[in-house]
Amino acid sequence: MDPITPAAIDPPANVLLVHPKRTEPDACERLCHGEDGTARLTVTFADEEPDCPDADAIDGKHGQLTIGNVLTADESIPEFDQPVVTDSVTDPTDLSAVGVAVSRFCKHWSETDEDITVCFDSLDALLRHTSPKEVFQFTHVLTNRLSSVDAYAHFHFDPTRHEDRVVSTFGTIFDAVVADDDTDESLPEATDEEVATLLAEWDNEPSYDLEPDASTEATDEDIAQILGK
């Protein structure tokens, strides 16, 4: 698995960003960069409500999807026409719900011709709750969904937490692999045979349907009721 730099990637693309530390790598910001007016979705795993940017301080749209036992202020339905949009999925093991939530952002923003960037932090968080096979299949389906809307997406992944063959096999999903500047120059490397064996075990037909159900879409009346209007 040979990593490259963000500058060598022509978006749109799905990128695996590998780095061994739970810090914000410089490459993340470079991969999030888009033209003025880009719609940017950040997916994080947290135990408290995340800080969101002030609507007056951003150019374009910003989405914040938080996964886990989130202490949300309310359960309002996301208003995708607003500059800052928040949503949450309380159960990190419910990969279908996570995928549908991401897809809902893609659906609304692509319908208004927004350029979309996605930062998914991180695959390690998913792997703490769900098997590598399930996460692999889910990631495969999700990256296909992101490709369908020409998103420029990157997924954080710590290669030091997993077997070499697991890291290399996840790398096969992505258009490119980027290593942060602080990452050792030699990344985990499995043989082609090891990757092929693991793919044979994991590469069953995925069962994830990431299309938002009509029942999950809010009407103007639903939003008015929740906002007390």
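Computed from the coordinates by the stated procedures, all read-outs in this text should not be read as laboratory data. Quick caveat: nothing in here was measured; it's all calculated off a predicted structure. All Cβ positions, glycine included, derive from the backbone under ideal geometry; neighbour counts span all protein chains shown.
Results, tabulated for the structure shown:
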read-out	value
Sequence-distant residues sharing a close amide H with ALA13 (under 5 Å, placed H)	TYR152, ALA153
Cα→Cβ-extended label distance, 7 Å offset, between ASP59 and SER147, nm	3.2 nm
Positive minus negative residues near ALA13 (Lys, Arg vs Asp, Glu; Cβ under 15 Å)	-2
Ranked packing of 170-177, 192-199, most packed first, by mean Cβ within 10 Å	170-177, 192-199
In sequence order, calculated HN-Hα J values of the range 91-106 (Karplus, 6.51, -1.76, 1.60; Hz; x Gly/Pro)	9, x, 8, 8, 5, 4, 5, 4, x, 5, 4, 5, 5, 5, 4, 4
Full-stretch length increase - LYS21, LEU199 - with 0.36 nm per residue and alpha-carbon distance subtracted	61.4 nm
Spin-label proximity, SER131 to the range 94-109 - amide N less than 17 Å from point 7 Å beyond Cα toward beta carbon	94-96
Estimated inter-spin distance, ASP91 and THR191, nm [label 7 Å along Cα→Cβ]	4.1 nm
